[in-house]
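Just below is one structure, and these are the notes that go with it.
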Ligand code: GLU
């Protein structure tokens, strides 16, 4: 195993995030590899870290002033052993091959945990949507799809949203796909409800994360009633996490964006959440404006010179990191624990560094890795695919119930795998082993391809 890690690092030395995601999974599945020595000869690990296909392309587009820009577009088709490639598109200046390979790798195991037939992929661009007009966003999405369309399809690869890609972008991408392919199919998920989307898809990641966390609390006979919660981010995942937490009687005191965070000791209620929704989804403003409207809250500007994020240093019971990768380091993890946190449930992908995770597990915090706790988003994407194939739409309650059942089943699966391998209560080990075993068994069944 150490040979493979060394080989991977030596071969692609700059892919730090990808190495981090692979090392975490490979370390935790060590006991499975010992139990099944045949995996070695089948070169399972070597195959898992090599994407089935990587598509890298030029995305030229024109801004409103007539200036042409060029961005880089990507699609990493990681593994299709249990279904068509499936995973989001991220538009953010930080996007590079390492970040997308880590996300695609995570997606393979996450999708396996959902119980639905979906392989793993991720894509996107280093394009920054911040400050761009609707027309510029449309031209960018159209140019992106003019290349991507030939590589995707409802039975091949079904992209969706991620950071920087929401309903607006999915609409523009879908419009261009349909024009080029002359076909109305469920090739993207996260579509608007009027033209093929699923009810509950917007809510799914945030609601699913809270459903998962509620299952974790129930193992200690606790509920969200009166729990104080820290939520990071202020996009789709964070917004619906806050909504569900409020509904279950918790008090949420933080939200953030890349510029800073707000702390509202009185709690963010539904009215304040509506304000955040309009601010972020319609006006596309900054979270600092929250304090213009709610003067008793405080805004703290992000300070990159600090070794910790003060957002994670407020008294609370639960934390829901829902912004981006590596937003909680070892110092933040210690601060969280010192402030009274007993549950961390990841809404983002890989928001905790390996050092932070180790602290959570050593200190017996209820810690849920993103590939289990944020799987609700892609799970409802899978349900959107089913509805599209059947050409029907399920009512809200039906999708929400299915989402609840899926999150419950992921929780049970994680606990079962963790116990089977001698780590009871360790959700990280449970999620990695359960996802890994499902994917690997399918790879063995399907031969050397
Ligand atoms: N981007 C989301 C994730 O990280 C959703 C992907 C999808 O719906 O395909 O799982």
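Taking Cα pairs under 8 Å and at least six residues apart, what relative contact order does the chain come out at, in percent? Reported as a whole number, the value is 15 percent. Shape of segment 399-438 from its Cα gyration tensor (a ≥ b ≥ c, root eigenvalues): rounded if a/c is under 1.5, otherwise prolate when a/b > b/c, or oblate? Here segment 399-438 falls in the prolate category. Computed over segment 374-449, the P(r) curve from all C-alpha pair distances, binned at 10 Å from the origin, holds 18, 35, 31, 15, 1 percent per bin. Were the residues from residue 289 through residue 306 laid out at 0.36 nm apart, the gain over their Cα-Cα distance would be 3.8 nm. The length gained on full extension between residue 16 and residue 56, counted as 0.36 nm times the residue separation minus their Cα-Cα distance, comes to 12.5 nm. In whole angstrom, note down how far apart the Cα centers of segment 229-260 and segment 166-183 are. Centre-to-centre (Cα) distance: 30 Å.
Hey, quick one: spin label on residue 282, modelled 7 Å out along Cα-Cβ, who in segment 150-171 has an amide N within reach, i.e. under 19 Å? Counting backbone N atoms under 19 Å from the label point, the list is 166-169.
Summary value for segment 168-326: 21 percent relative contact order, contacts being C-alpha pairs under 8 angstrom separated by 6+ residues. Using only Cα coordinates, the Kirkwood hydrodynamic radius of the chain works out to 22.1 Å.
Here segment 44-95 and segment 308-382 have alpha carbon centers that stand 27 Å from each other. Expressed to the nearest 5 percent, the antiparallel share of DSSP beta bridges inside the chain is 60 percent. What the Cβ-Cβ distance of residue 225 and residue 65 gives, at R0 = 41 Å and to the nearest 0.05, is a FRET efficiency of 0.15. Cβ-Cβ distance of residue 259 and residue 42, R₀ of 56 Å, FRET efficiency by 1/(1 + (r/R0)^6): the value works out to about 0.70.
The length gained by stretching the chain between residue 247 and residue 389 to full extension, at 0.36 nm per residue less their Cα-Cα distance, is 47.8 nm. Taking only the C-alpha atoms of segment 1-144, Rg followed by Dmax gives 17.7, 62 Å.
Since every read-out is calculated from the coordinates, none of them should be taken as a lab result. It should be emphasised that the depicted structure is a prediction, and the values quoted were computed from it without experimental measurement. Because the Cβ atoms are built from the backbone with ideal geometry, glycine has one as well, and the counts that use them run over all protein chains shown.
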